[in-house]
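The values are calculated or read from the model by the stated rules, or taken from the named source; none is laboratory data. Note that the structure is a prediction, hence the values are computed from the model and not measured. Here Cβ is always computed from backbone atoms with ideal geometry, including for glycine, and neighbour counts include all displayed protein chains.
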Amino acid sequence: MKFINLLFLIILLSNNLFSQQELHDFFTIKFIDNLDGIITGGTSGHGLILHTTNGGDSWQKIDGFSGGLIRKSEYFYFNQLMLFTSDSLYISSDGFGNFKALAYPEKFFLLDEHFLNKDIGWISGAGGFLYSTVDGGVTWKLQNIDSPGAGIGALFFVNKEYGWCANINNIFLTKDGGLNWTIVENTSSTRSIFFSDSLIGYSLDLQFVCKTTNGGLDWSIQNLHSWKYLKDIYVNPRGGCFVIAAYDYGDASIFKSQNGGDEWSELILENFSSGMPASITFSDYNHGWVGFFHGMIYRTTDAGTNWSALSLGLTDIAHESNSNIAYNVSQNYPNPFNPSTTISFTIPSSQMVELKVYDILGREVAELINEYRQAGSYSAQFNAAHLSSGIYFYKLKAGNFIQTKKLILLK
């Protein structure tokens with residue numbers, strides 16, 4: 001009985017003492033050439049925009065945006081930017097200056113978007129709603145599609161006439177700009193669609209890549225020989241198909257095919273430490289980027305043969321106005337977890353760092369870090385496959401700074 005009371009007291013105190021720090025996630029990455037690009041995302045309550053003019057070697061936070069998490073974005077020449085949150089579209093056309101909010105149609109919740117230019121585009125959302133615009137989102141026109149109650153989560157157009165979209169049950173095709181849609185495939189949970197022209201295209205669900213050569217009328221499965229979760233696909237017009245995938249946080253891969261999906265090679269990102277891949281893009285045949293949840297970016301300059309991580313700290317893009325680096329220990333993510341989770345932290349100066357995990361009785365169960373580290377932001381993965389379900393604590397010690405937080409293993 002004493003142990004039960006002690007356990008209850010620890011849980012009660014930890015709920016009050018351990019605050020959760022949100023990490024910035026990157027949802028969309030866009031480049032208009034080999035040097036000029038943006039990456040967008042944020043947290044649940046704060047949108048984030050980063051801009052680079054040197055291919056990603058360095059990034060600048062764009063201030064002045066007051067909206068929430070940016071789920072999608074479009075980037076055009078002359079710094080024209082479209083930002084899509086779940087409930088509003090924001091536009092900046094004066095070099096990332098003033099952001100103008102444009103309302104979506106009533107009761108609309110964004111799931112996907114596709115714009116051919118700054119004026120012509122489509123948005124799809126929960127409840128099976130699909131709208132088009134020809135004036136950059138000032139006005140919207142409801143599309144004639146039969147998707148009652150099923151959210152449309154994947155959307156792609158190759159020109160003003162030919163487009164495809166998908167809900168959890170079907171893939172749809174339009175040949176008249178969205179005025180009429182027909183079902184061309186019964187499927188399950190298509191998460192991404194990419195067409196290189198009006199005939200050749202790919203669809204992506206959680207585990208399979210499918211290809212069509214007749215505009216979506218017939219599809220064949222492309223075998224990646226992988227059980228990892230597929231996240232996004234990009235097809236280079238000059239050759240090369242790329243799929244980003246991960247099995248768990250810290251286990252990411254980029255799959256590449258040079259023959260239209262008949263054969264695939266896998267590149268495991270060995271230096272990758274946390275997060276999930278979210279978006280992939282190329283500016284030409286050689287230059288490409290992948291954005292990850294938890295603030296990571298990878299780049300290739302040789303058509304996807306090799307990828308390298310770009311240096312990007314989290315402290316300089318926090319939504320607080322103070323830019324000085326400070327100690328910070330983020331709440332592990334995911335939490336609860338099974339069997340692995342990621343712990344991120346920041347130190348303001350070079351020093352010895354210890355990161356250890358303890359059980360509820362104070363016994364050490366894992367030593368994640370015990371070494372000298374330079375000032376900056378870091379992540380460590382904790383795999384608890386050998387432990388039983390329950391409450392654990394992780395403690396960061398750096399110099400005189402010590403902080404402890406709770407994590408929950410739920411098998």
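Worth pointing out:
- In the range 369-401, the qualifying residues are those that are farther than 19 Å from Gly295 by Cβ, small (Gly, Ala, Ser) and surrounded by 19 or more Cβ atoms within 10 Å (Cβ to Cβ), and the one that is farthest from the chain's Cα centre (by Cα) is Ala398.
- Checked against the criterion of being β-branched (Val, Ile, Thr), at pLDDT 80 or above, under 22 Å from the mean Cα position of the chain (by Cα) and not assigned by TED's automatic domain parsing to the domain that holds Glu113, the range 301-319 contains not a single residue that satisfies it.
- The single residue among Tyr358, Tyr285 that is surrounded by fewer than 18 Cβ atoms within 10 Å (Cβ to Cβ), of a type in the set (Phe, Trp, Tyr) and either modelled with pLDDT under 85 or part of a strand (DSSP E or B) (or both) turns out to be Tyr358.
- Count - residues of the range 94-120 that are touching a residue at least 24 places away in the same chain (Cβ under 8 Å), closer than 18 Å to Ile152 by Cβ and of a type in the set (D, E, K, R): 2
- Among the strands (runs of 3 or more DSSP E) confined to the range 38-108, the ones with at least 2 residues that are among the small types (Gly, Ala, Ser) are located at 88-92, 100-103.
- Wholly within the range 202-243, strands (runs of 3 or more DSSP E) carrying at least 1 residues that are over 25 Å from the mean Cα position of the chain (by Cα), crowded, with 20+ Cβ neighbours inside 10 Å and at pLDDT 85 or above: 209-212
- Residue among Ile123, Ile91, Ile70 that alone is in contact with a Phe, Trp or Tyr (Cβ under 6 Å, 6 or more places away or on another chain), in the same structural domain as Asn167 (by TED's automatic domain parsing) and either touching a residue at least 24 places away in the same chain (Cβ under 8 Å) or closer than 20 Å to Tyr234 by Cβ (or both): Ile123
- Residues of the range 100-136 satisfying the condition of being closer than 15 Å to Pro148 by Cβ and of a type outside the set (Phe, Trp, Tyr): Lys107, Ser124, Gly125, Ala126, Gly127, Gly128, Leu130
- Qualifying residue in the range 24-35 (condition: part of a loop (DSSP other than H, G, I, E, B), modelled with pLDDT of 75 or more and within 20 Å of Leu155 (Cα to Cα)): no
Residues checked against (1) crowded, with 21+ Cβ neighbours inside 10 Å; (2) modelled with pLDDT of 85 or more:
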site: Gly41; (1), (2): yes, yes
site: Asp57; (1), (2): no, yes
site: Gln60; (1), (2): no, no
site: Gln80; (1), (2): no, yes
site: Phe84; (1), (2): yes, yes
